[in-house]
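Below: the structure, in structure tokens.
The values are calculated or read from the model by the stated rules, or taken from the named source; none is laboratory data. Everything numeric in this text was worked out from a predicted model, so none of it was measured. Cβ atoms come from the backbone with ideal geometry, glycine included; neighbour counts cover every protein chain shown.
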Amino acid sequence: MRFRLLLLILTLLLAVTPAMATEVLNLTTLPANTYGGYYVGPAGGNLNGVTPLWVTCNDFNHTTGIPSSFEVNISTLPSLTYARFGNDAAALDKYERAAWLMWQMPMNPTQIGPIQFAMWNLFYPGAPDPVGSNTWLVAANAVDVSAFNYSNIRVFTPTSGFASNQEFLGEVPEPASLALLGGGLLALGAFRRPRPWPWKRKTTA
């Protein structure tokens, strides 16, 4: 029993903690919304066929078909090692504000379209600016980005062989949360009283 618990914990840790190297992003589910003639909001998929992900595009000037699979390099904030716009002087500021906008989508489901266009305008000021998007862009630029934790944000940037695809932002579970979960499961296994197998149970007359 304890071995199976340990195996489950190791599987969880490996599945949801992507290495900062080349991986395969599989996009399988189109965003549920359209706005201004474009799909907007989170797209569903997985990383390497294992880790389920919802990712949001921050890159207006490229195109990604769904379903599709392509290699990506993964960056964290603040490193932005592989990020497409990482050489921009204000790159970290833009990615943090894009992350803040992404977080607003589930809290403002009727505003997903304007929020998406605000994200695109952070990196491409020439992107379309439909009704409502400038309001969110102004809001994002007014946010104190130092007040938030970006440790679980990942930037999924297509490798050179797949450079025509868009870049995406997404979240992964916090490693600390997984460690706590794993520790709890181990504790349960350690203190669980072993039961006799059915054929070893005592019977009474």
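Just checking, how many residues over the range 126-147 are surrounded by 13 or more Cβ atoms within 10 Å (Cβ to Cβ) and either among the basic types (Lys, Arg) or assigned to a loop (DSSP other than H, G, I, E, B) (or both)?
Qualifying residue count, the range 126-147: 6.
Would you be able to tell me the number of residues in the range 72-91 that are surrounded by 15 or more Cβ atoms within 10 Å (Cβ to Cβ) and within 17 Å of the chain's Cα centre (by Cα)?
Going residue by residue through the range 72-91, those that are surrounded by 15 or more Cβ atoms within 10 Å (Cβ to Cβ) are 72-77, 80, 82-86, 91.
Still in the running and within 17 Å of the chain's Cα centre (by Cα): 72-77, 80, 82-84.
Of the residues in the range 72-91, 10 are surrounded by 15 or more Cβ atoms within 10 Å (Cβ to Cβ) and within 17 Å of the chain's Cα centre (by Cα).
Just checking, which of Ala190, Ala127, Ala98, Ala83 is at pLDDT 95 or above, farther than 19 Å from Tyr35 by Cα and among the aliphatic types (A, V, I, L, M)?
Residue meeting the stated conditions: Ala83.
From the list Asp88, Asp59, which residue is closer than 19 Å to Glu171 by Cβ, of a type outside the set (A, V, I, L, M, F, W, C), out of contact with any strand residue (DSSP E or B) (no Cβ under 7 Å at 6 or more places or on another chain) and not in a helix (DSSP H, G or I)? It would help to see each step written out before you state the result.
Working: Asp88 fails: closer than 19 Å to Glu171 by Cβ.
Residue meeting the stated conditions: Asp59.
Looking at Thr64, Thr51, can you tell me which residue is β-branched (Val, Ile, Thr) and modelled with pLDDT of 95 or more? Walk me through it before giving the result.
On the way: Thr51 fails: modelled with pLDDT of 95 or more.
Only one candidate qualifies: Thr64.
Residue under question is Val145, and the condition is that it be touching a residue at least 12 places away in the same chain (Cβ under 8 Å) and within 22 Å of the chain's Cα centre (by Cα); does it hold?
yes
Sort out which residues of the range 120-136 are in contact (Cβ under 8 Å) with a residue 24 or more places away in the chain and over 22 Å from Ala91 (Cβ atoms), and write them in order of number.
Of everything in the range 120-136, those that are in contact (Cβ under 8 Å) with a residue 24 or more places away in the chain and over 22 Å from Ala91 (Cβ atoms) turn out to be Pro128, Pro130.
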